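Just below is one structure, and these are the notes that go with it.
Read-outs throughout are calculated quantities, based only on the coordinates presented, and are distinct from any laboratory measurement. Keep in mind it's a predicted model, so treat the numbers as computed, not measured. No Cβ is skipped: glycine too gets one built from the backbone with ideal geometry, and neighbour counts run over all protein chains shown.
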Amino acid sequence: MELNATTVPLLFFVFVLAMFLGVELIKKVPSQLHTPLMSGSNAISGITIVGALVASGHDGGTAVATLLAIVAVVFATINVVGGYLVTDRMLEMFKSKAKDGGKR
Amino acid sequence: MNPELIRGLLYIVASIFFIFGLKMLSSQATARRGNLVSAVGMLIAVVTTVTAMEDIRWFWVVFGVGLGCVVGVLAARLVKMTAMPEMVGLFNGFGGLASLLVGWSEYHGKWAASGTLSLFTTIAIFLTVLIGAVTFSGSMVAYGKLSTLITGRPVLYKRQNLVNAFVLGALAGLGVLFCVQKLDQLSSAGHALVYVELIAIIVLALILGVLSTIPIGGADMPVVICLLNSYSGLAACAAGFVIGNNVLIVSGSLVGASGIILTRIMCKAMNRSLANVLFSGFGSATSAKAGGYQGQANPIAASDAYLILEAARNVVFVPGYGMAAAQAQHAVRELGELLRSNGAEVRYCIHPVAGRMPGHMNVLLAEANVPYEMLVEPQDINPTMEMVDVAIVIGANDVVNPAAKEDQASPLWGMPIIEVDRARTCIVLKRSLNPGFAGVDNPLFFKPNTRMLFGDAKASVAALVSEFKQ
């Protein structure tokens with residue numbers, strides 16, 4: 001998408017609405033889930049991997065651009081994969097515990 | 001159908017997965033599935049992106065993703081639960097670094113493609129590298145502090161605010177210069193100058209990340225981690241503006257919002273403003289009024305502590321960072337079970353800012369299989385604290401410091417605490433009488449109903465357990 005006077009307000013509109021949505025979604029999270037919520041949302045911030053892939057695939061992009069983008073792909077992937085797995089590991093412990101207690 | 005349209009729809013589907021994933025993450029019963037849902041959203045977004053790429057350098061993409069997967073899987077598998085705060089800090093920093101590199105790479109890519117950059121694009125690139133770099137270097141400092149590679153104490157120096165103001169001013173100035181340039185009208189010398197500006201912005205932003213994190217003490221790390229989490233989302237969001245992609249903007253702002261909310265919850269739990277956390281150098285040697293409380297602390301041996309616990313009918317554990325540092329969570333759970341089979345009601349009370357990350361203690365107790373039903377919130381237990389026979393404080397300090405409600409001059413004044421000083425007996429497991437991470441003296445240690453069980457938390461709890469087993 002080309003950034004111009006038409007598209008930027010649209011993108012900004014999405015940004016503002018998503019911020020409000022995020023606040024509403026997370027507002028009532030119980031304190032025992034703060035850590036998994038944080039590492040889970042941290043994994044989502046690895047969405048920048050999409051940006052890294054796009055940047056690595058420009059038609060006729062320069063070598064420097066590709067190099068930077070591939071390094072970005074590496075770090076974003078660590079962020080995504082590590083983030084989701086570590087969150088799952090934590091939540092697995094939470095889950096078995098809830099089962100032992102018998103009630104939710 | 002038009003492939004562009006299909007991709008657009010798939011990005012919307014990915015966003016919906018992220019939204020539902022986050023919603024499910026905020027409830028105990030659905031959290032694990034929620035994480036999976038959001039991971040599927042990520043997969044959809046990545047696959048969709050790959051199909052849209054004009055010129056895929058397959059070898060490099062596979063290499064990058066493969067390397068990232070190996071490192072990510074190993075890190076996630078091998079990390080100890082007690083080291084979770086620094087792991088989250090590190091991953092967070094990597095996300096910021098990736099966004100920074102995306103912004104930088106797009107500067108080359110977009111310029112090569114169209115010969116110039118619009119004002120919108122340069123502003124978006126500026127914001128991406130700025131936020132990404134601050135997230136990266138700030139997270140690295142947080143990682144260093146949490147893993148004790150560098151001192152956890154606030155690092156303060158003369159004219160700190162002046163230096164910060166200078167860096168901020170320079171960044172703003174360079175930012176304006178960088179954003180307003182017209183690349184198509186510049187000579188090659190002009191191009192080189194613009195590039196120097198970009199590099200200078202990156203370097204200064206990295207410095208800003210370090211400067212804004214080093215004055216923050218270890219006990220305030222939960223706030224910093226939340227804030228950096230928020231920044232990493234905003235960096236991804238800014239990268240979304242650079243490439244004009246809604247899925248980055250949506251998920252980036254969801255993360256940004258969740259980080260902001262967690263930051264607010266943490267600040268509230270300490271009764272301090274965000275500005276106070278970020279700029280006060282809280283817990284530095286200068287701000288703490290050392291030596292304010294003197295008196296006779298009552299040390300106790302494990303064998304005597306056992307006698308008190310053996311007679312107790314109502315016991316509350318209050319864990320803190322010391323439990324994590326000593327890896328004492330399994331021993332604590334064992335002691336709790338012994339107390340329970342001895343007929344006592346056992347509960348665990350966790351302060352929202354205990355430990356080095358929000359919910360840090362919950363994760364450790366979960367790892368040790370402490371049932372969720374045995375946890376109790378501070379505001380629920382405080383009114384009935386007089387009914388508690390023994391409160392066992394394990395490596396917690398500031399969150400049980402009665403100065404918060406007794407001493408208006410204390411830096412902790414007004415912070416909601418767990419009022420263990422009102423329990424019939426309070427046993428504090430601690431290495432020494434030294435003040436906690438915040439550097440604030442704790443009058444709890446000198447109260448007549450407090451007993452100090454000195455030593456490593458794990459060794460002390462193990463000693464109590466073996467007393468019970470005899």
| Of the cross-linked pairs B:Lys23/B:Lys80; B:Lys80/B:Lys268; B:Lys268/B:Lys405; A:Lys28/B:Lys23; B:Lys110/B:Lys182, which ones have a Cα-Cα span greater than 18 Å in the structure shown? | B:Lys23/B:Lys80; B:Lys80/B:Lys268
| field | Most positive-pole-ward Cα, B:Ala463, A:Val74, A:Val23, against dipole of the protein assembly as shown from beta carbon charges | value | B:Ala463
| note | If every Lys and Arg gets +1 and every Asp and Glu gets -1 at its Cβ, then about the Cα centre segment B:79-279 yields a dipole, in debye to the nearest 20, of 560 debye
| note | To the nearest 20 debye, segment B:302-469 has a Cα-centred charge dipole, built from +1 on Lys and Arg Cβ and -1 on Asp and Glu Cβ, of 260 debye
| Counting other C-beta atoms within 10 Å, which of B:Val376, B:Val353 has the fewest, and how do the rest follow? | B:Val376, B:Val353
| message | Helix check for chain B. Which DSSP H runs span at least 27 Å along their own axis by Cα, with a mean Kyte-Doolittle hydropathy no less than 0.0? | response | B:3-25, B:31-52, B:58-78, B:84-114, B:119-146, B:160-180, B:188-213, B:221-243, B:246-269
| request: Note down the Stokes-Einstein diffusion coefficient of the protein assembly as shown in µm²/s, whole number, using a Kirkwood radius over alpha carbon pairs, 4 °C, and 1.567 mPa s. | output: 52 µm²/s
| Which of A:Leu33, A:Leu21, A:Leu85 moves the most in a Gaussian network model of chain A with Cα springs under 10 Å? | A:Leu21
| Under a GNM of chain A (C-alpha, springs under 10 Å), which listed residue has the highest mean-square fluctuation: A:Val71, A:Val86, A:Val16? | A:Val16
| remark: Per-residue average of other protein chain Cβ atoms inside 10 Å, peptide B:362-371 -> 6
| query | What order do you get for B:Trp58, B:Trp111, B:Trp104 when you list them from fewest to most C-beta neighbours inside 10 Å? | reply | B:Trp58, B:Trp111, B:Trp104
| said: From the helices alone, meaning DSSP H stretches of at least four residues, give me the mean residue ellipticity at 222 nm for chain B, per-run term -39500 (n - 2.57), in deg cm²/dmol to the nearest 500. | reply: -20000 deg cm²/dmol
| query | Once the Cα gyration tensor of chain A is diagonalised, what are the square roots of 5 times its eigenvalues, in whole Å and ordered largest first, as equivalent ellipsoid semi-axes? | reply | 35, 22, 7
| Which number do you get for Rg(Cα) / (2.2 N^0.38 Å) in segment B:302-469? | 0.93
| request: Would you mind checking the tilt of helix A:83-101 against the longest principal axis of the Cα atoms of chain A, expressed as 0 to 90 degrees and rounded to 10? | output: 20 degrees
| message | Can you sort B:Ile199, B:Ile381 from fewest to most other Cβ atoms within 10 Å of each residue's own Cβ? | response | B:Ile199, B:Ile381
| Over chain B, relative contact order from alpha-carbon pairs under 8 Å, at least 6 apart, % | 14 percent
| note | Kirkwood Rh for chain B from C-alpha pairs, in Å, is 24.6 Å
| So for chain A, taking the charge dipole from beta-carbon charges (+1 Lys/Arg, -1 Asp/Glu), which of A:Pro9, A:Gly83, A:Thr62 sits furthest toward the positive end? | A:Gly83
| If you find the alpha carbon centre of segment B:92-114 and of segment A:1-53, how far apart are they in angstrom? | 18 Å
| message | Strictly greater than 19 Å: what percent of every Cα pair in segment B:118-266 meets that? | response | 58 percent
| note | The distance between the Cα centres of segment B:290-369 and segment B:384-459, in whole Å, is 12 Å
